[in-house]
Amino acid sequence: MLVDFHGAQKPATMMRTWPNLINTEGVRGMEWSKWSWESEPKHNVTLPFTRMFLGPMDYTPGAMRNATKSTFAPIARQPMAMGTRCHQLAMYVVYDAPLQMLSDSPSNYLREPETMEFLGAVPTTWDDTRVLDARIAEYVLVARQNGRDWYVGAMTDWDPRDEPFDETKNPSSARGRMGGENSPIEFWWRKLDS
């Protein structure tokens, strides 16, 4: 039996007590976008430094209805997420969650076949994790290994950034750009073969 406490708070030390616990929420996740402006990119890039220290996190990423700061509105019946679609998809690599969820309507995913192609390939458990670069509340760049394959996830707050990869320090070399509110993300993940 596996356990996912959705809606639970304070998951500290719970995995030691219950080793079959795979996720806990305990986070201001995607559902907050239904009633609040608080679940936004700056908050999202803070979570790897704060909430994720307590263990796997049930954030429920994957929103396909995305908005900028100026176009966002909390709407319960048709929720949207602040930030880019690529920001949402990078969460599947950056956030540790052995039981991942999809936060949006199935019809929105049917309209985005490349999204489902990516999500179908991303593992939910990892053999190795490396933080390539990060700054709390600004950006995070993570590489995770599953078997022989490496996946790279990059998330930023609202500011666009250029992130070089140093092949001597990282699993493989690549170069990308993380976009801000008015700049699309050109690089949000890359599967790297060993």
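The values are calculated or read from the model by the stated rules, or taken from the named source; none is laboratory data. Note that the structure is a prediction, hence the values are computed from the model and not measured. Here Cβ is always computed from backbone atoms with ideal geometry, including for glycine, and neighbour counts include all displayed protein chains.
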>> Here's a check for you: in region 16-49, which residue that is touching a residue at least 40 places away in the same chain (Cβ under 8 Å) and farther than 26 Å from LEU141 by Cα is surrounded by the most Cβ atoms within 10 Å (Cβ to Cβ)?
In response: LYS34
>> Restricting to region 52-69, and then to whatever is modelled with pLDDT of 90 or more and of a type in the set (D, E, K, R), can you tell me which residue is farthest from GLU40 (Cα to Cα)?
In response: ARG65
> Could you say which residue among ASN44, ASN20 is modelled with pLDDT of 75 or more, touching a strand residue (DSSP E or B) at 6+ places or on another chain (Cβ under 9 Å) and closer than 20 Å to GLN88 by Cα?
Replying inline: ASN44
> Restricted to region 146-163, and to residues that are without any contact (Cβ under 8 Å) to a residue 40 or more places away in the chain and closer than 22 Å to PRO123 by Cβ, which residue is surrounded by the most Cβ atoms within 10 Å (Cβ to Cβ)?
Replying inline: ASN146
> Of (1) surrounded by fewer than 16 Cβ atoms within 10 Å (Cβ to Cβ); (2) in contact with a strand residue (DSSP E or B) (Cβ under 7 Å, 6 or more places away or on another chain); (3) within 24 Å of ASN146 (Cβ to Cβ); (4) at pLDDT 90 or above, PRO123 satisfies all except one. Which?
Replying inline: (1)
>> If I go through region 66-88 residue by residue, how many of them are within 22 Å of LEU99 (Cα to Cα) and either among the basic types (Lys, Arg) or touching a residue at least 60 places away in the same chain (Cβ under 8 Å) (or both)?
In response: 3
> Quick one: in region 58-69, which of the residues that are under 30 Å from MET14 (Cβ atoms) and either in contact with a strand residue (DSSP E or B) (Cβ under 7 Å, 6 or more places away or on another chain) or among the small types (Gly, Ala, Ser) (or both) is surrounded by the fewest Cβ atoms within 10 Å (Cβ to Cβ)?
Replying inline: GLY62
> How about region 155-174: which of its residues are part of a strand (DSSP E or B) and either at pLDDT below 90 or over 25 Å from GLN100 (Cα atoms) (or both)?
Replying inline: ARG161, ASP162, GLU163, PRO164
>> Looking at region 70-78, can you tell me whether even one residue there is surrounded by 14 or more Cβ atoms within 10 Å (Cβ to Cβ) and modelled with pLDDT of 90 or more?
In response: yes
>> Scan region 177-185 and tell me whether some residue there is in contact with a Gly (Cβ under 7 Å, 6 or more places away or on another chain), at pLDDT below 50, under 24 Å from ARG28 (Cβ atoms) and surrounded by 14 or more Cβ atoms within 10 Å (Cβ to Cβ).
In response: yes
